[in-house]
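This report concerns only the one structure given below.
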């Protein structure tokens, strides 16, 4: 043996069974960090692809800029490309048709289809004045081909064009019977002039990826005087690159950082607790090293290098298992969750995940080994010779028994006698509780975010062309009579001028029938819903732009409405004007209308695509028809996948808590083998030994529960406020269900952890426990 460090591989072989749990702790920590960072990397890649496909690859949009501003901005070295964009008949309120189908006509530069949006699926950009590009949906609806001539009917007359290509689905919704048409900018301006329409163009701007976009946006605002009204950001894309200024997106970054710190801290506590227990178990070994000449520094080096020796095996295993686990999760999402995850990389390798796993694994082990190394170096040669362990058993006065039996008092004393060990054990329990409480917020967030999972989500629905109350109740009854239709419910709608909160504005007045009021009751956050369903008062929907509350009044031309309740969620998209919900009776009294603007249809599980087509035929061109059946199924699968991941992660945390607790209690008992042997020698029986170990575990558990709930509940409140309250308005409540589940877990762990070590001690001969080194 050339040095004391040569003992490290020898000790690893001799104590292979004892070191197995420490190795497992390191592997789990590296595995979790590698998978979290790798999945985050894969999710960002996937989400960036999806956002670019759906929202476009642009960073800012300028509203009605001058031609001079467009030219100057396009010449900037940090601008990759830009394109003008505008449209006619976006609200479908005018008579624009192609072959009898309502159409939206938009115009833009070449970059809008190739660099801003990747929507040129067939053919080419319409360069000539008499050329037109049609949406992919129109190819299906009208059975058209490239090179054919079509006639666009407008209020100003008919215009003939030659089809140059297909694509450009960004101009319209893809699930409606509407045709999208695209013209080059000069042709579009000529058409708008002929129509007498006033243009309000926007300019999409895309920057290079290697620049500080936030700084460039600030510079543009200062140079050209752009305001929040004239310059808007692609929040989704900027958020993925870390340049978003949206408060909700930044709040989600903060949430992600907090959750990562919790996972990292859990790994540190888990490994540190394991190393600390291993050091305590080998106190006499380190003392004997001091007896034969090892210095304090050499003992500290042994402990630290021994920990790094474990990393040699544990870190590569953790990284490899993390990569494989990432592949499995990506495959599960891609093939099990639906269309939203088709862009996720299947066998992607994340350098960020691998480096993070290695760095965090090694740093965690080094940090975790500092305290045990100092503890081992502090063992005196006298302690090794006399058999005294590191704990100070020479108390100045005996342990007070009080109302507890002596074995129970000793169990509590064992738990609190070592402050460092107490901190690690209770800290491990507390962190597990904090993590369970924190990650439970994700389940509630998923429930709020995925609207199609709501009970009111329709599989198909009809809407009147101009948002008017044109869908007769007789039509609703005809749809409901179909055997594959589960439920039909309609809503009347009208935008009305109103006075509320001392200002004039518009409100969206919407009617509910009994079934919808029952669903709304689950989303009520203030007030009473029963009075509204009976025709007295109205409901409003919480939104950042809507400050109406219970008791406020809304003055219409002929009547006054009182807000009787506030909802946290609804089936409607948010707008700048308040959403006001009333009964059908109240709606008829105010507007005199009794037909629906929207008719939602929910289908039975046995409904087929043919049934959907039959419902489509019923519209007969009088109403717009929207098919959301496939989208709902995809969203349902996505929800289940998210729940699987979150609950799976919580299960891993729970498993780590149980394994770590059992391991720590086992090591703690092993470190006190001599003491237990001495106690048994002077008359303590096996039952008392078991009670003493059980009370030690119960002490850690109780303190961990108090610390975990004390710190976890405020953090749960903060995360809930950031993720849910700030967006949906739902007030935070104490998560009693989660606390109850945590309590059951802790009780189970407290009963399980002492079982094996107590049995081992009691089965050992007393002479063996006294002579154990």
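Summary table
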{"item": "Alpha-carbon centroids, the stretch 695-740 and the stretch 114-157: separation in whole Å", "result": "56"}
{"item": "Gain in span if fully extended, residue 66 to residue 128, counting 0.36 nm per residue against the direct Cα distance", "result": "19.9 nm"}
{"item": "Whether the stretch 544-642 is rounded, prolate or oblate, judged on the alpha carbon gyration tensor where a/c under 1.5 counts as rounded", "result": "oblate"}
{"item": "For the stretch 461-531 versus the stretch 543-620, the gap between their alpha-carbon centres in whole angstrom", "result": "3"}
{"item": "Potential extension, residue 295-residue 751 segment - 0.36 nm per residue separation minus Cα distance", "result": "160.0 nm"}
{"item": "Label-to-label distance, nm, for residues given as residue 422 and residue 221 (7 Å Cα→Cβ offset)", "result": "5.2"}
{"item": "Cα-projected label distance for residue 189 with residue 484, points at 7 Å along beta-carbon direction, nm", "result": "5.1"}
{"item": "Potential extension, residue 466-residue 54 segment - 0.36 nm per residue separation minus Cα distance", "result": "145.8 nm"}
{"item": "Cα shape, the stretch 66-233, gyration tensor, a/c 1.5 rule", "result": "prolate"}
{"item": "Residue 495 versus residue 143: modelled label distance in nm, points set 7 Å from Cα along the beta carbon direction", "result": "3.9"}
{"item": "Highest-first arrangement of 729-736, 687-694, 516-523, 29-36, where packing means the average Cβ count within 10 Å", "result": "29-36, 687-694, 516-523, 729-736"}
{"item": "Residues listed by number, the stretch 695-721, amide nitrogen under 18 Å from residue 261 label point at 7 Å toward C-beta", "result": "708-721"}
{"item": "Peptide ranges 678-686, 419-427, 587-595, 629-637 listed from the most packed, as the mean C-beta count within 10 angstrom indicates", "result": "419-427, 629-637, 587-595, 678-686"}
{"item": "Global form of the stretch 460-629, assessed from the alpha-carbon gyration tensor, a/c cut-off 1.5", "result": "prolate"}
{"item": "Residue 93-residue 737 FRET efficiency (beta carbon distance; Förster radius 56 Å; 0.05 resolution)", "result": "0.70"}
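Values quoted throughout were computed directly from the atomic coordinates according to the rules given, and no laboratory measurement underlies them. Note that this is a predicted model, so its numbers are computed, not measured. Positions of Cβ are generated from backbone atoms using ideal geometry, with glycine treated the same way; all protein chains shown enter the neighbour counts.
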